[in-house]
Structures are given as structure tokens and as C-alpha cells.
Amino acid sequence: MFQSLLQLDHQLFHLINHDLGNPFFDWIMPWLRYPKFWIPLYIFLFVFCIWRYKKTGVIIIACLALTFGIADYGSATLFKSFVKRVRPCNDPAMAQTITRRVDCGTGYSFPSTHASNHFALAFCFSLIFYKRWPWVWLWAILWAGIVCFAQVYVGVHYPLDILGGALYGILVGWLVSLLFKKLQPQF
């Protein structure tokens, strides 16, 4: 069963990385996975939370920073060093079929730290603001999903890396949102 799951993972990777290739995706996907591309969004959220919610906004920002820190450390330091899965772009078995669109980098592949971080932030933010803006979850999850799709498209992660990172990130985001609700029950 594990072998069939890995085979499906490789087939999905090939579909996204190779078969969906087109000039527009080749141009936009490297940007979408690049953290500095999203700085205007982060600045907007930071300013909006502080301006609109004052002290509670500071707590929201602190919870999001905590969410990021836990998701990043757990994914990049704990899980990757334990699992040690080779990135597709560094896997000799994939060398003939992969389309490299960015530098591969070093480090391991499972789980995707991009997926962990983005899904943790998206889920925490969504749970904090869901009662005020029920539609926010759609845009937050779409944002995280696009970043994760880009990771597979450019060739640095397998779909299972993304799934593992996303599930871990969702757990972290949910737990920190519970902490926020304990700190700010009236929000």
C-alpha cells in the first residue's frame, strides 16, 4: 500500500510539474512561492489588525507570529530531520522527468515548510476572523493552496510533502486560534 501511495505521489507530481507546464505558470509560480512576494499582504494585515483592533490587534499579530514560529520550527527542524525525504529536484530517479523552474536548494522535502507555514497562518487567521467575516476562510485557504501548488509546479516538493505540511499547519493554526479565543473570548 505504501508503494502505491508513493507511486501515486510521483504521478501527481509529474502531472503538475510537467503536464500542466505553460508559459504563464512558468512566469507566475516562482513568484507565488517566493516569501517576499507576499510582503504587501503581510504589511496590510499587520497594519489593519493594529489600526482596527488596537490591543486585540496586537494579540492577533502575536498569535500569528507564534503560529508561524511553531509551524516553521516543527516542519523545518523536527519533522524534516526525522523523515529525511529527498526533494524531487534532488532525486536521481526523477532527474529525467522533472522540469526545474527554480534552484532546488538544500534540505529535505517532507513536510513542506511552505505548506506548514501558509496553512497554519491561513487556518489561524480564518478561525480568528470567521465570525466577523465568514468568507475569509475561502481566500485564506486559496492563498495557502496557491503557494503550495507552486511548490510542486516548480519541482521542489511532492504532493504528499504538501499534504503533510498542510495537515501539520492546520493543526498548529487551530491550536493557536484556541489560545487566542482563550485570551480574547469576547472577540
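The values are calculated or read from the model by the stated rules, or taken from the named source; none is laboratory data. Small disclaimer: the values here were computed from a predicted structure and weren't measured. Quick reminder, even Gly has a Cβ in these numbers, built from the backbone with ideal geometry, and neighbours come from all protein chains shown.
Can you pull out the residues in segment 156-167 that are crowded, with 24+ Cβ neighbours inside 10 Å and within 16 Å of Phe82 (Cα to Cα)?
Asp161, Gly165 - these are the residues of segment 156-167 that are crowded, with 24+ Cβ neighbours inside 10 Å and within 16 Å of Phe82 (Cα to Cα).
As an exercise: evaluate Ile98 against (1) within 20 Å of Leu6 (Cβ to Cβ); (2) modelled with pLDDT of 95 or more and give the number of the one condition it does not meet.
With (1) within 20 Å of Leu6 (Cβ to Cβ); (2) modelled with pLDDT of 95 or more applied to Ile98, the lone miss is (2).
Could you give every pair whose Cβ atoms fall below 8 Å, whose first residue belongs to segment 32-43 and is among the charged types (D, E, K, R), and whose second residue is assigned to a helix (DSSP H, G or I), counting only separations of at least 6 or pairs across chains?
Final answer for the pair search is Arg33/His114; Arg33/Val147; Arg33/Ala150; Arg33/Gln151.
With respect to Pro88, is the statement that it is more than 17 Å from the chain's Cα centre (by Cα) and in contact (Cβ under 8 Å) with a residue 24 or more places away in the chain true?
On the way: more than 17 Å from the chain's Cα centre (by Cα): yes; in contact (Cβ under 8 Å) with a residue 24 or more places away in the chain: yes.
Here the answer is yes, as Pro88 does meet what is asked.
Would you mind stating whether Gly107 is closer than 17 Å to Pro35 by Cβ and free of Cβ contacts under 8 Å to residues at least 12 places away in the same chain? Outline the logic, then answer.
Details: closer than 17 Å to Pro35 by Cβ: yes; free of Cβ contacts under 8 Å to residues at least 12 places away in the same chain: no.
So Gly107 does not fit the description; no.
Please determine, by comparing only the residues of segment 61-92 that are in contact with a Leu (Cβ under 7 Å, 6 or more places away or on another chain) and hydrophobic (A, V, I, L, M, F, W, C), which one is farthest from Trp51 (Cα to Cα). Explain how you work it out, then say what you get.
Let us first name the residues in segment 61-92 that are in contact with a Leu (Cβ under 7 Å, 6 or more places away or on another chain), namely 63-64, 67-68.
Remaining after also requiring hydrophobic (A, V, I, L, M, F, W, C): 63-64, 68.
Numbers: Cys63: 17, Leu64: 16, Phe68: 22 Å.
Ranking the qualifying residues of segment 61-92, first place goes to Phe68.
Testing Ile98 on (1) surrounded by 13 or more Cβ atoms within 10 Å (Cβ to Cβ); (2) within 25 Å of Leu121 (Cβ to Cβ); (3) of a type outside the set (D, E, K, R), one condition comes back false. Which one is that?
(2)
Can you confirm whether segment 92-104 contains a residue that is of a type in the set (Ser, Thr, Tyr) and closer than 22 Å to Trp27 by Cα? Before the answer, list the steps.
The initial filter retains those residues of segment 92-104 that are of a type in the set (Ser, Thr, Tyr), namely 97, 99.
Those left that are additionally closer than 22 Å to Trp27 by Cα: 97, 99.
The answer is yes, given that some residue of segment 92-104 is of a type in the set (Ser, Thr, Tyr) and closer than 22 Å to Trp27 by Cα.
Which residues, counting only those in segment 104-155, are crowded, with 21+ Cβ neighbours inside 10 Å, under 17 Å from Tyr73 (Cα atoms) and among the β-branched types (Val, Ile, Thr)?
Correct list: Thr113 only.
Which residue, of Ala95, Ala71, Ala65, is more than 18 Å from the chain's Cα centre (by Cα) and on the phi < 0 side of the Ramachandran plot? Spell out the reasoning first.
Numbers: Ala71 fails: more than 18 Å from the chain's Cα centre (by Cα); Ala65 fails: more than 18 Å from the chain's Cα centre (by Cα).
Within the list Ala95, Ala71, Ala65, the selection yields Ala95.
Against the conditions (1) within 13 Å of the chain's Cα centre (by Cα); (2) within 24 Å of Gly21 (Cβ to Cβ); (3) of a type in the set (D, E, K, R), where does Arg101 fall short? Just the number, please.
(1)
Per-residue answers, yes or no, for (1) small (Gly, Ala, Ser); (2) in contact with a helix residue (DSSP H, G or I) (Cβ under 9 Å, 6 or more places away or on another chain):
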residue: Asp26; (1), (2): no, yes
residue: Ile39; (1), (2): no, no
residue: Lys54; (1), (2): no, no
residue: Leu64; (1), (2): no, yes
residue: Thr99; (1), (2): no, yes
residue: Ser109; (1), (2): yes, yes
residue: Thr113; (1), (2): no, yes
residue: Leu121; (1), (2): no, yes
